[in-house]
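J.: Could you have a look at this structure, given as structure tokens, before my questions?
The values are calculated or read from the model by the stated rules, or taken from the named source; none is laboratory data. As the structure is a computational prediction, the values presented were derived from the model and not from experiment. In this analysis, Cβ positions are derived from the backbone assuming ideal geometry, glycine residues included, and neighbour counts consider all displayed protein chains. Ligands, DNA and RNA are excluded from the accessible area calculation, which covers all protein heavy atoms including side chains. Shrake-Rupley method; radii C 1.70, N 1.55, O 1.52, S 1.80 Å.
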Amino acid sequence: MLSNALAYAREHAQMFLASLTELLAIPSVSMEPEHAADMVHAAEWLADYLQRIGMSEVDLLPSDGRPLLYAAWQRAGPDAPTLLLYGHYDVQPVDPLAEWRTPPFTPTRLGDDLFARGASDDKGQTFACIAALEAYLQSAGRLPINVKLIIEGEEEVSSTFLRRFVVEQSARLACDAVLLVDSSMLSPTLPLVMYGARGNCYMEIEVVGPATDLHSGAFGGAVENPFNVLARLLAGLQDAQTRRVLVDGFYDAVHPLQPEEQTLLAGLPLNEAALLHMTGAPALAGETGYSAIERATVRPTLDIHGISGGFTGPGKKTVIPARASAKFSMRLVPDQDPLVIARLVEEHLRCQTPPTVTLTVKTLSASRPAVVDYRLPLMQTVAQAYQAAFGAAPALMRGGGTLPIMADFQDALAAPLALIGFGLPDDNLHAPNEKLHLPCFYHGIEMMVHCLAQLATDA
Ligand SMILES: [Zn+2]
């Protein structure tokens, strides 16, 4: 069954590419209301495709105009394991459009790369999974195990519907393993399995002083300058030397890094030189006492994203701005609770705010961190599948980014879970000239073919 499915996948590689090209041509930008019809179109295209290849249950759930697609094939019997696969068909907006070398929704092949918005994140990766299911269903008429598939249309707009669906429909989603297919490899020859994701707490604060902007010659020294206060508040969030967050209780729930995990991280080809090269920064920076890769994956952080207010135009204007605001967020690690962190930060800021201004604090989003035991058998199974398809065992690490549904899946399904993918670090996700490296796509299909077989064998 495995060799037939692999043969089918290889023989139909060009057909898979042609189908993916069709899907990529649909501008399913979830963030932009003018693409509402395209969202439905992309979901229906996928539903139709899944029906045609022989998935026995295909359901489109409305989800406020960005349908959630649920599909299943459960004829392997109650004793066979069930795998839940996750991907998404919504994509990021394309601006700045002028920087695209090829039109974002006219998929264009240049050498070994396919350029289009969503090529890597996440239509290409999602479609690799579908192609693997097709390879079995068309060559053998069945899958080696039971498979459930969720493809959402709201990943780029915070997965609101799916997060509720996972809780409310947990019985329907019951499974033995979850693979979230929305990630990158370290290079075309070095796959990566991620067993965790950081959480995020995103906040916006505003400092308000005088009723209107004032002349600093007439009033400077007599009234508070909200921008000065804002700068002090932001500076007071983090120690300038150790880079530790200075909010009381911020680190209370953080677990110390275990030596085995430290060794695992130290073995990755992501040393300081590699990070310097990737970022173009003059030097690396971060919390004292941890390596750069530890700081970027398993330690919490705080970053300011934007500060606004006052005068920033050309020339000079001696204004005391009436208000100033800033956005910042903290990447969180297990077991930091983003809502608790938001409260601690707000208390800290309020304590530091002088009575000469008023402070508004908003939490824009709160996503929980997640981690899975990397010694679970699922990681071995996935590693073997990567080894078979890519000729290399994957590196193992926690991701530094945030994937809110990871914690939701963990809570609701109590099944082992891993984050895998076939993208590359230079795929230009969320940026102009997004691409998919086609050898990764083809090997990704084969990896999923192997993975289904391996899950059946290991059961
Ligand atoms: Zn994605």
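J.: Filter the strands (runs of 3 or more DSSP E) completely within the range 324-422 down to those with at least 2 residues that are surrounded by fewer than 19 Cβ atoms within 10 Å (Cβ to Cβ) and β-branched (V, I, T).
T.: Counting at least 2 such residues, we get 358-367.
J.: Moving to a separate point now. Just to verify a result, which residue in the range 428-459, among those that are outside any helix (DSSP H, G or I) and surrounded by fewer than 23 Cβ atoms within 10 Å (Cβ to Cβ), is nearest to the ligand (Cβ to nearest atom)? Don't jump to the end; show me each part of the working.
T.: First, pick out the residues of the range 428-459 that are outside any helix (DSSP H, G or I): 428-437, 459.
With the extra rule that they be surrounded by fewer than 23 Cβ atoms within 10 Å (Cβ to Cβ), the set shrinks to 428-433, 459.
Values: N428: 13, L429: 7, H430: 9, A431: 13, P432: 17, N433: 17, A459: 29 Å.
The qualifying residue nearest to the ligand (Cβ to nearest atom) is L429.
J.: Which residue pairs have Cβ atoms closer than 9 Å, lie 6 or more positions apart in sequence or on different chains, and pair a first residue in the range 297-325 that is over 30 Å from G400 (Cβ atoms) with a second residue that is open to solvent by less than 30 Å² (accessible area, probe 1.4 Å) and at pLDDT below 95?
T.: P321/G309; A322/G309; R323/G309
J.: Follow-up question, since we're still on this one. Has the range 406-416 got at least one residue that is closer than 23 Å to A266 by Cβ and not hydroxyl-bearing (S, T, Y)?
T.: From the range 406-416, those closer than 23 Å to A266 by Cβ are none; that's our starting set.
Within the range 406-416 (the criterion being closer than 23 Å to A266 by Cβ and not hydroxyl-bearing (S, T, Y)), the answer is no, since none of the residues qualifies.
J.: Name every residue in the range 22-50 that is in a helix (DSSP H, G or I), closer than 16 Å to T126 by Cα and open to solvent by 40 Å² or more (accessible area, probe 1.4 Å), in order of residue number.
T.: E22, E44, D48
J.: Going residue by residue through the range 424-437, is there one that turns out to be over 25 Å from R398 (Cβ atoms) and among the small types (G, A, S)?
T.: No, every residue in the range 424-437 fails to be over 25 Å from R398 (Cβ atoms) and among the small types (G, A, S).
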